[in-house]
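FYI, it's all coordinate maths here, none of it is from the lab. Please read these numbers as outputs of a predicted model, since none were measured by experiment. Please note: Cβ atoms are built from the backbone with ideal geometry, for glycine as well, and neighbour counts cover all protein chains shown.
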Amino acid sequence: MSYVDEVIDLIVKQNPDEPEFHQAVKEVLESLRVVIEANEEQFRKDALLERLVNPERQFKFRVPWVDDAGQVHVNTGYRVQFNSAIGPYKGGLRFHPSVNIGIIKFLGFEQIFKNSLTGLPIGGGKGGSDFDPKGKSDREVMAFCQSFMTELYKYIGADTDIPAGDIGVGAREVGYLFGQYKRLSDLYEGVLTGKGLSFGGSLARTEATGYGLLYFTQEMLKCNGIDIAGKTCAVSGAGNVAIYAIEKAQQLGAKPVTCSDSTGWIYDPEGIDVALLKEVKEVKRARLTEYAAARPSAEYHEGKGVWTVDVDLALPCATQNELDLEDAKNLVANNVIAVAEGANMPTTLEATKYLQENGILFAPGKASNAGGVATSALEMAQNSQRVPWTFEEVDAKLQTIMVNIFHNADDAAKRYGFEGDYVVGANIAGFEKVVDAMNAQGIV
Ligand code: NDP
Ligand code: 2IT
């Protein structure tokens, strides 16, 4: 059996009930097959793949907190420190009821290659909790965040492990987490990114993932002879990534006509009103029904459906496995040109394969959504320097990083005879740097 197949079998056996982690490992190792087969003897001897797919360290802890009625709740907290070959562990925290160790491991594994692709010195990690911030008061969210950090602070630090936001963790949560870290450690350091601007946050971090997704998409289209201006887009999600993807798409002359949340979706043929979407989601923390109520041109539909709309570009920006084979078939039938992932692993393996086989340009999340973590690394640089940069400086660096990621993935794919396969290209380009660093540092 080939080394790749052996290691895939091994992780499935050793990590049962973690389908998302299996999926992420399969996607990466299948892409790397050509590189691994060329070095199979040495990699086997060094147990390189076993070291790559096993986190360096993982923490699981109890998070007790008291709600506004005095009732005590107990959630589970996680932090997976996956790989520190090229820098301190870096990756977000996800607060969502679906969180379990398999989800955090899939996200942490993806983060290794994504962070490598940014060209910045950051290793891979991820954490979170099955806590649901939805419907909680600010005080309840604060109580949870303080309890979560009371355990987490032992394992993190500005040069060790630097968490940030993800689903359910935005500026409010990062603020509470930072306050408790500072109180417990007595250190005013850049231990979290995505901080508020008044306490060490970076300009453009809020916008970075969505903006970066569009910079990547624009470059991918341009290199395939296509202008993004005038293209219609289906966007899923209505959170941090989706909102700023919609905003940048409009700035580049494209027309996003959908967004969604966990209860329903909007079709707005006039184009999404970003100011209204921000008001509904960022200020009121309300459902999309409020968007539809305030916008005569918008239709609201219950459930799932953004991929049934006839558009040129599809930008999944909500969550994992939200775009399946049936959705891919709808998109192809509607002559979609490109699918670019804003979320982490939003497209199933079958759907990705179908899209690529049908000639659709496909941008994998670990490349196209890397602008968020890249700008987090820029926030770390500003914190270390103790000097903030302007919005324009950060945004210009973000644009350069995203364009470079596209070309590094494109070049790696070409080098191995997979021209136009950005999944293979991104995985190979991300892997090469990490392996080089792992080899140089010996068996650790
Ligand atoms: P937010 O919490 O800000 O928004 C998430 C959005 O997706 C919400 O509209 C939410 O709807 C929807 N959503 C979440 N889970 C589900 C689900 N199970 N089913 C249907 N809809 C769902 O998160 P972000 O925008 O930050 O993250 C979105 C994606 O982007 C995630 O995959 C994340 O890992 C990825 N990402 C985020 C980065 C960042 O910097 N924030 C960087 C790179 C990737 P509702 O509110 O109803 O739950
Ligand atoms: O998935 C991701 O890259 C993020 N949620 C952002 C991580 C970060 O450290 O900014």
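At a glance:
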{"quantity": "MRE, 222 nm, helices only [DSSP H, n ≥ 4, -39500 (n - 2.57), over the chain, to nearest 500]", "calculated": "-15000 deg cm²/dmol"}
{"quantity": "Full-stretch length increase - VAL332, ASP310 - with 0.36 nm per residue and alpha-carbon distance subtracted", "calculated": "7.0 nm"}
{"quantity": "Paired Rg and Dmax values of the stretch 261-379, which use every Cα atom, in angstrom", "calculated": "15.3, 42"}
{"quantity": "Sequence-distant residues sharing a close amide H with GLY196 (under 5 Å, placed H)", "calculated": "GLY201"}
{"quantity": "Kirkwood-type radius of the stretch 368-444, with distances r between different C-alpha atoms, in Å", "calculated": "14.2 Å"}
{"quantity": "Gain in span if fully extended, GLU40 to SER198, counting 0.36 nm per residue against the direct Cα distance", "calculated": "51.8 nm"}
{"quantity": "Cα pair count fraction exceeding 14 Å, expressed as % - the stretch 126-203", "calculated": "58 percent"}
{"quantity": "Rg/Rh for the stretch 293-349, where both radii come from Cα atoms and Rh is the Kirkwood radius", "calculated": "1.00"}
{"quantity": "Under 23 Å, Cα to Cα: Lys pairs in the stretch 1-130, sequence gap 8 or more or different chains", "calculated": "19"}
{"quantity": "Vicinal HN-Hα couplings computed from phi for the stretch 146-154 (Karplus, 6.51 cos²θ - 1.76 cosθ + 1.60; Hz; Gly/Pro x)", "calculated": "5, 5, 4, 6, 4, 8, 5, 4, 5"}
{"quantity": "Reciprocal mean inverse distance between Cα atoms of the chain - Kirkwood radius, Å", "calculated": "21.9 Å"}
{"quantity": "Hz values of 3J(HN,Hα) by residue in the stretch 125-135 - Karplus curve (6.51, -1.76, 1.60), Gly and Pro given as x", "calculated": "x, 7, x, x, 7, 7, 5, 10, x, 5, x"}
{"quantity": "Potential extension, VAL12-LYS414 segment - 0.36 nm per residue separation minus Cα distance", "calculated": "141.6 nm"}
{"quantity": "Label zone at ARG62 (point 7 Å along Cα-to-Cβ), backbone N below 20 Å, the stretch 121-136", "calculated": "128-132"}
{"quantity": "Volume per residue of the C-alpha convex hull in the stretch 334-388, rounded to whole Å³", "calculated": "85 Å³"}
{"quantity": "Cα extents of the stretch 6-74 along the three principal axes, largest first (Å)", "calculated": "61, 20, 18"}
{"quantity": "Beta bridges per DSSP with both ends in the chain, % antiparallel, nearest 5", "calculated": "55 percent"}
{"quantity": "Ellipsoid semi-axes in whole angstrom, largest first, where each is sqrt(5λ) of the Cα gyration tensor of the stretch 109-243", "calculated": "31, 18, 13"}
{"quantity": "MET1 paired with SER384, simple spin-label distance in nm, labels 7 Å along Cα-to-beta-carbon", "calculated": "4.2 nm"}
{"quantity": "Karplus 3J(HN,Hα) series, Hz, for the stretch 321-331 with 6.51 cos²θ - 1.76 cosθ + 1.60 (x for Gly, Pro)", "calculated": "6, 8, 10, 9, 4, 4, 4, 4, 5, 4, 5"}
{"quantity": "At q = 0.09, 0.12, 0.13 Å⁻¹, base-10 log of I(q)/I(0) for the stretch 1-136 (Debye sum, equal scatterers on each alpha carbon)", "calculated": "-0.32, -0.53, -0.61"}
